Amino acid sequence: MRGWSLVLVGFAGCTMYGPSEPGVDPVDGGAGVDVVTPRSPLALPLVPPDPAGNPTSATKVALGRLLFWDPILSGDRDVACATCHDPDLAYTDGLRTPVGVARNSMTILDAAWNGSTTATPVPRAEEAPMFWDNRAHSLEAQARGPITTAAEMMGASYTEATIFPELVARLSAIPAYVTQFSAAFGPGAITEARILAAIAAFERTLTTPETSYDRFVNGDTSALTAQQQRGLELFKVIGCANCHTGPMFSDFELHALRVPSPPGAPPDAGDGANRFRTATLRNITLTAPYMHNGVFASFQDVFGFYRLAGQNGIDPKLRGVRPPTPQEAPDVIAFLRALGDAPFDRTIPTSVPSGLPPGG
């Protein structure tokens, strides 16, 4: 554990940062003075950055939560964002792939920190990469994707050009939504941009910065068990950290790994060059099945794949990577559990302003 201890010692001498500086915990020191405690650059910061033009507010988050759960945002009024992002399943759906969709539903827990790497621990919110192929940037852009996709929320009755005018008309006809949009954004009409801004503001609250791992790298040496500490060392030794690095345990780069397709499923070309983004390992023990197409149901399946992937050398970062042995695997899995044991918001509205069933 010597390398991790050195990181912690290196931060021990720092006691003050500006109150708005990322990576620190603000504490009210009295008399209006914010005294802050530094966090390790290996830990997830407490509060993600907002994009220009969409500062987080309580009213905006409350509105975004309702929109996230309201099926009125789907063309056929039958599914919501929450349909594929269930808090009881760590904001995934637990399926290999959603009905009609070729890719596994990624968790939106900590998605506000997408793009956070060792080199750039606090990326600009406008640049946060989204989806398995990094095709969109920012949570606002991510929220738009499913709404404008026929196989997800849009349905067959609308097009990308007609769905948002329809949704604006629907929401504008519901007095409770008109009131809440005014409270969140001030005077003005309901617009596509405001819909997406509210959903994104809510999603930015879904973070897990206080896992056992975060507490450990922030100085609590008792936060990880002896087995988890062995697993952490093995994680580095066997090469997992080649790609699963930084506070989010992802380099957010695209890699061609030749993940097999599920039986009967057509091949997926990813970004067009058969590449997919390194998935974050945060909350990974809660978000099976694994890989972009959900082809692997367990860690044992994943380890077996990397046994072959490391040998074929498709991607340079796979060179030297090996899966844990059967004797090592329990320690590595125990460590991975420490990346997903923090509390997070699981609130499900009892009702939504449209009157439709929350979640569809």
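The values are calculated or read from the model by the stated rules, or taken from the named source; none is laboratory data. Source: prediction; values computed, not measured. A quick note on method: Cβ atoms are made from the backbone with ideal geometry, for glycine too, and the neighbour counts reach across all protein chains shown.
Across segment 84-108, the number of residues qualifying as under 12 Å from Ile348 (Cβ atoms), buried (at least 20 other Cβ atoms within 10 Å of the Cβ) and touching a residue at least 60 places away in the same chain (Cβ under 8 Å) comes to 1. Here the condition is being in contact (Cβ under 8 Å) with a residue 60 or more places away in the chain, among the small types (Gly, Ala, Ser) and at negative phi; of Ser182, Ser172, Ser212, it holds for Ser212 alone. Among the residues of segment 111-148, those that are β-branched (Val, Ile, Thr) and touching a residue at least 12 places away in the same chain (Cβ under 8 Å) comprise Thr117, Thr118, Val122, Ile147, Thr148.
For segment 84-98, the set of residues classified as assigned to a loop (DSSP other than H, G, I, E, B) and over 17 Å from Ala201 (Cα atoms) consists of Cys84, Ala90, Asp93, Gly94, Leu95, Arg96, Thr97, Pro98, listed by residue number.
Only one of the numbered conditions (1) under 26 Å from Val122 (Cα atoms); (2) of a type in the set (Lys, Arg); (3) assigned to a loop (DSSP other than H, G, I, E, B) is violated by Lys317, and that is (3). Looking for something in a loop (DSSP other than H, G, I, E, B), farther than 30 Å from Trp69 by Cβ and not acidic (Asp, Glu) - is there at least one such residue anywhere in segment 291-305? Yes, because at least one residue in segment 291-305 is in a loop (DSSP other than H, G, I, E, B), farther than 30 Å from Trp69 by Cβ and not acidic (Asp, Glu).
Looking only at residues in segment 168-196 that are aliphatic (A, V, I, L, M) and touching a helix residue (DSSP H, G or I) at 6+ places or on another chain (Cβ under 6 Å), the one that is surrounded by the fewest Cβ atoms within 10 Å (Cβ to Cβ) is Ala183. Taken over segment 216-248, the residue count meeting the criterion of being over 24 Å from the mean Cα position of the chain (by Cα) and either of a type outside the set (D, E, K, R) or buried (at least 21 other Cβ atoms within 10 Å of the Cβ) (or both) is 10. Note on segment 320-344: residues that are among the basic types (Lys, Arg) and either over 22 Å from the mean Cα position of the chain (by Cα) or at pLDDT below 95 (or both) amount to 1. You will find that of Asp251, Asp315, Asp301, the residue that is touching a Cys at 6+ places or on another chain (Cβ under 6 Å) and either outside the structural domain of Asn134 (by TED's automatic domain parsing) or buried (at least 18 other Cβ atoms within 10 Å of the Cβ) (or both) is Asp251 and no other. Being out of contact with any helix residue (DSSP H, G or I) (no Cβ under 8 Å at 6 or more places or on another chain) and of a type outside the set (Lys, Arg) narrows it down to one of Gly264, Gly231, so name that one. Step by step, each of Gly264, Gly231 is checked, and only Gly264 is out of contact with any helix residue (DSSP H, G or I) (no Cβ under 8 Å at 6 or more places or on another chain) and of a type outside the set (Lys, Arg).
Among the residues making up segment 41-83, those that are assigned to a loop (DSSP other than H, G, I, E, B) and of a type in the set (Gly, Ala, Ser) are Ala43, Ala52, Gly53, Ser57, Ser74, Gly75, Ala80. Val101 satisfies every condition listed in (1) of a type in the set (A, V, I, L, M); (2) over 21 Å from Asp251 (Cβ atoms); (3) part of a helix (DSSP H, G or I) except (3). Taking each residue of segment 325-344 that is farther than 14 Å from Lys236 by Cα and looking for partners that are in a loop (DSSP other than H, G, I, E, B) and basic (Lys, Arg) with beta-carbon atoms closer than 7 Å, six or more apart or interchain, yields Leu339/Arg282; Gly340/Arg282.
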